[in-house]
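What follows is a set of notes on a single structure, which appears directly below.
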């Protein structure tokens, strides 16, 4: 049984969703929350022409909706029925452009979305209990101990008027029962472990006195302080230089290998995915469009969006001056999933079958490699250099 099993997670912003009582654990209980910045606003009225080499010859227009497609009225569904699982000692990646719902998914799992403005649905079973139905007190007991998260923006995640040492030792006191000098020494060891020089001095400093990279490493130290059962890392190495990035990734891998921690890695960096993740889930417009093992995904990307992401990466073996092959358009150029494939306005393999309702996750090539596409990329198609 997976340590974390997410089934049809949805997060809808806006509308008139009601929040159920979160003080009790119940099955499939909706809750309300206010969306962070990754959830985009109301649908735009933009006309996008979707055609390509595999598309029809006639003049066909695809109407673009908001970044995650409308959910009725002014509501926007930022996460649209996402399902995946994470086993002990496994690293699972969530990959996609900004606005696809990665951070919203992680905040929903941690119970960190505000209480008003949106509705949660689906299930997220962690050790047999639904995280989405837990009361505030119970999930606070899990956060920092069995559940931990490395946030994307350290400056807004740390308290600006509290020294770093107080923020790190608070976790040790709350979840490990440490006090006084013992907690301070353990905090200094944690800072040293993540590569912060002179940790004793840094414990007395405030977040604004640290560089962006040091703030990020302080967040990582707080997240790994209790060797959590599940660690969610939301772009953990974005603000770090290459050398420190390698150290942090090695630290996370060590935590997974030695402690059996399950790691959910949220990242834009496909290089990190290639070197760290066991299973990869590619998100687009709030849905998983491809799910596969790491090696199979990089060897044979099946969904045109995944194929485009890999083709956009600069290659060292490419001839000098050769241009990249980016995906055309932007995340705003999409249609609602209820009307067809949200990626159709940007897809070079678009055909009329793409507009006949939401495509299902199928296994076009082999068991365990799923793609949500009616016209998948052929196995013989090379990823563009």
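The values are calculated or read from the model by the stated rules, or taken from the named source; none is laboratory data. Only a predicted model underlies this, so the values are computations on that prediction, with no experimental measurement involved. In this analysis, Cβ positions are derived from the backbone assuming ideal geometry, glycine residues included, and neighbour counts consider all displayed protein chains.
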Quick one: how many residues across the stretch 341-352 are in a loop (DSSP other than H, G, I, E, B) and farther than 19 Å from residue 79 by Cβ?
5
Would you tally the residues in the stretch 118-131 being buried (at least 20 other Cβ atoms within 10 Å of the Cβ) and either in contact with a helix residue (DSSP H, G or I) (Cβ under 7 Å, 6 or more places away or on another chain) or under 16 Å from residue 232 (Cα atoms) (or both)?
4
Being closer than 21 Å to residue 77 by Cβ and either in contact with a helix residue (DSSP H, G or I) (Cβ under 9 Å, 6 or more places away or on another chain) or in a loop (DSSP other than H, G, I, E, B) (or both), is that true of even one residue in the stretch 306-314?
no
Of the conditions (1) crowded, with 22+ Cβ neighbours inside 10 Å; (2) more than 21 Å from the chain's Cα centre (by Cα); (3) modelled with pLDDT of 95 or more, residue 201 satisfies every one except a single condition; which number is it?
(1)
Answer with yes or no whether residue 306 is over 21 Å from the mean Cα position of the chain (by Cα) and either at pLDDT 90 or above or at negative phi (or both).
no
Residue list for the stretch 214-235, filter: within 17 Å of residue 124 (Cα to Cα) and either without any contact (Cβ under 8 Å) to a residue 60 or more places away in the chain or surrounded by fewer than 23 Cβ atoms within 10 Å (Cβ to Cβ) (or both):
229, 230
Quick check on my filter: what residues within the stretch 326-339 are assigned to a loop (DSSP other than H, G, I, E, B) and in contact (Cβ under 8 Å) with a residue 60 or more places away in the chain?
329, 331, 332, 333, 335, 336
Of all the helices (runs of 4 or more DSSP H) wholly in the stretch 79-165, which have at least 1 residues that are out of contact with any strand residue (DSSP E or B) (no Cβ under 6 Å at 6 or more places or on another chain), in contact (Cβ under 8 Å) with a residue 60 or more places away in the chain and closer than 29 Å to residue 292 by Cβ?
102-110
Helices (runs of 4 or more DSSP H) fully within the stretch 183-288 counting 2 or more residues that are in contact with a strand residue (DSSP E or B) (Cβ under 7 Å, 6 or more places away or on another chain) and closer than 26 Å to residue 3 by Cβ:
212-224, 242-259, 270-276
Being within 21 Å of the chain's Cα centre (by Cα) and surrounded by fewer than 19 Cβ atoms within 10 Å (Cβ to Cβ) narrows 275, 321 down to just 275
Note on residue 229: of the conditions (1) at pLDDT 90 or above; (2) within 16 Å of residue 110 (Cβ to Cβ); (3) touching a helix residue (DSSP H, G or I) at 6+ places or on another chain (Cβ under 8 Å), unmet is (3)
Tell me, yes or no, whether the stretch 355-367 has at least one residue that is surrounded by 20 or more Cβ atoms within 10 Å (Cβ to Cβ) and assigned to a helix (DSSP H, G or I).
no
